[in-house]
């Protein structure tokens with residue numbers, strides 16, 4: 001967007017922010033309202049007039065705050081899809097995501113037929129110390145009945161979370177008997193490196209789900225453990241990682257690159273150019289590397305993938321990443337809300353800006369990225385047709401790489417929908433696999449001594465499949481109308497087993513099962529040694 005277009009959006013934005021939170025008034029109203037400023041003020045007064053009329057005349061009661069919030073974001077999205085207004089009630093959650101911690105009791109739960117079910121208890125948490133167990137069902141919180149009443153996840157979270165040091169009491173049902181706990185809330189970490197293990201004798205696997213302040217330290221701890229187990233190659237899984245704290249991504253890329261290598265640069269209209277270089281001495285400079293990405297890998301994930309690809313440090317495997325090449329800053333408002341403003345574009349070491357086009361698209365279409373699901377994603381042969389302006393050379397081997405729409409992998413693996421019939425997709429959406437796993441494990445959680453034993457011994461047989469079909473029909477009204485083919489049946493079996501493993505061994509249990517025949521991982525194992 002050209003500079004001469006911006007004032008038409010910014011002055012209404014200031015006015016909308018003033019209406020919503022009472023800020024900017026001293027600065028804005030004290031300025032001389034001359035010429036174009038006066039005209040713009042007359043325009044934005046229409047917003048106030050519209051709101052006044054709606055408040056006075058509209059047939060139903062209206063929530064003015066929600067209308068203000070929507071109006072502000074509509075204005076901001078005229079600039080770009082990532083400049084956003086964050087209401088005050090969402091700022092705390094955003095802060096937790098960035099800092100990687102929150103105040104709470106330390107349980108993972110889900111809702112099953114209006115009942116709060118504890119699926120995991122975090123080791124070392126207040127709930128762990130108090131004796132809360134996976135499989136418990138919470139029926140009261142602070143004396144208020146929460147079972148068999150309409151509750152949602154946000155309601156439960158708001159009651160269980162709170163400032164560290166404050167107290168919360170809750171009652172659970174265990175073995176048909178009530179137990180009441182009074183717990184002092186603590187600081188609960190939110191792990192971002194959620195799975196790490198050795199795939200084979202020499203290859204490690206690390207999954208990073210997002211980038212927060214503690215991510216780099218979590219990553220170091222994970223790879224140190226793997227190196228002690230003999231790791232000589234690493235598969236770094238950034239699939240589904242939507243980004244987060246840029247500094248964490250830079251620090252992780254630094255672990256792979258020799259001193260002086262460029263990791264990322266950034267610049268904007270009022271953002272002086274900054275360049276981040278590897279400091280050297282990283283833990284992983286001498287190991288083979290493959291990075292996995294897909295259409296949900298964005299922002300900080302693309303910084304890592306771009307640095308590895310452009311420096312010819314490893315291979316990129318999977319599907320084209322999301323394509324978010326913009327950097328935001330958060331500005332706190334007086335009412336506790338926050339304005340997230342795009343201040344710069346970032347560039348990979350070869351000079352690529354990988355931001356995908358957003359002009360002419362609605363915000364919803366941009367975020368959903370429907371073109372990929374309609375199978376119009378660029379294929380390897382299509383890349384040759386791109387204009388030269390989107391073609392760049394890697395820094396060492398001078399391979400051709402591409403900009404203007406995400407990081408394109410070195411080894412493309414098409415999204416595998418084999419076995420994903422309508423029944424499977426409906427079960428995924430409704431959370432049937434998680435609920436069934438919880439019910440199946442009632443009285444069985446101590447059956448297996450280790451995850452390895454579970455992997456080797458547990459089989460989803462026809463009797464368990466029959467129970468799953470009956471469960472989905474009885475509780476979710478989802479029926480199998482035709483016998484699943486071999487691929488659909490195998491996918492059901494793997495998903496049931498992986499969800500049961502997650503209930504006991506959290507993400508490592510889940511991903512060890514899921515990854516056992518993962519096409520991207522198999523491609524990485526095949527190709528990383530050749531690079």
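General remarks:
- Restricting attention to the stretch 206-238, the residues being assigned to a loop (DSSP other than H, G, I, E, B) and surrounded by fewer than 20 Cβ atoms within 10 Å (Cβ to Cβ) number 5.
Table: residues versus (1) within 22 Å of the chain's Cα centre (by Cα); (2) buried (at least 16 other Cβ atoms within 10 Å of the Cβ).
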site: 240; (1), (2): yes, yes
site: 245; (1), (2): yes, yes
site: 265; (1), (2): no, yes
site: 271; (1), (2): no, no
site: 290; (1), (2): yes, yes
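- Unique residue being farther than 30 Å from residue 519 by Cβ and out of contact with any helix residue (DSSP H, G or I) (no Cβ under 9 Å at 6 or more places or on another chain) when the list is 261, 270: 270
- Subset tally (residues that are farther than 18 Å from residue 407 by Cβ and touching a strand residue (DSSP E or B) at 6+ places or on another chain (Cβ under 6 Å)) for the stretch 324-336: 5
- Residue check for residue 95: outside the structural domain of residue 440 (by TED's automatic domain parsing), closer than 30 Å to residue 243 by Cβ and buried (at least 17 other Cβ atoms within 10 Å of the Cβ): no
Yes/no per residue for (1) outside any loop (DSSP other than H, G, I, E, B); (2) modelled with pLDDT under 95; (3) surrounded by 11 or more Cβ atoms within 10 Å (Cβ to Cβ):
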site	(1), (2), (3)
138	yes, no, yes
148	no, yes, no
157	yes, yes, yes
165	no, no, no
169	yes, no, yes
181	yes, no, yes
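- Count - residues of the stretch 125-136 that are assigned to a helix (DSSP H, G or I) and under 29 Å from the mean Cα position of the chain (by Cα): 3
- Filtering 349, 357 for residues that are part of a loop (DSSP other than H, G, I, E, B), in contact with a strand residue (DSSP E or B) (Cβ under 6 Å, 6 or more places away or on another chain) and touching a residue at least 12 places away in the same chain (Cβ under 8 Å) leaves a single hit, 349.
- Selection within the stretch 304-327 - assigned to a helix (DSSP H, G or I) and free of Cβ contacts under 8 Å to residues at least 60 places away in the same chain: 307, 308
- 3 or more residues under 30 Å from the mean Cα position of the chain (by Cα) and modelled with pLDDT of 75 or more: qualifying helices (runs of 4 or more DSSP H) within the stretch 7-123: 64-76, 88-99
- Single condition residue 330 does not satisfy, out of (1) crowded, with 19+ Cβ neighbours inside 10 Å; (2) within 22 Å of residue 97 (Cβ to Cβ): (1)
- Only helices (runs of 4 or more DSSP H) whose full extent lies in the stretch 394-473 are considered here, and the ones with at least 1 residues that are at pLDDT below 95 and surrounded by fewer than 18 Cβ atoms within 10 Å (Cβ to Cβ) are 422-430.
- Members of the stretch 296-321 that are over 14 Å from residue 401 (Cβ atoms) and in contact with a strand residue (DSSP E or B) (Cβ under 9 Å, 6 or more places away or on another chain): 297, 299, 300, 301, 303, 304, 317, 318, 319
The values are calculated or read from the model by the stated rules, or taken from the named source; none is laboratory data. As the structure is a prediction and not an experimental result, all values here were calculated from the model. As a convention, Cβ positions derive from the backbone with ideal geometry for all residues, glycine included, and neighbour counts pool all protein chains shown.
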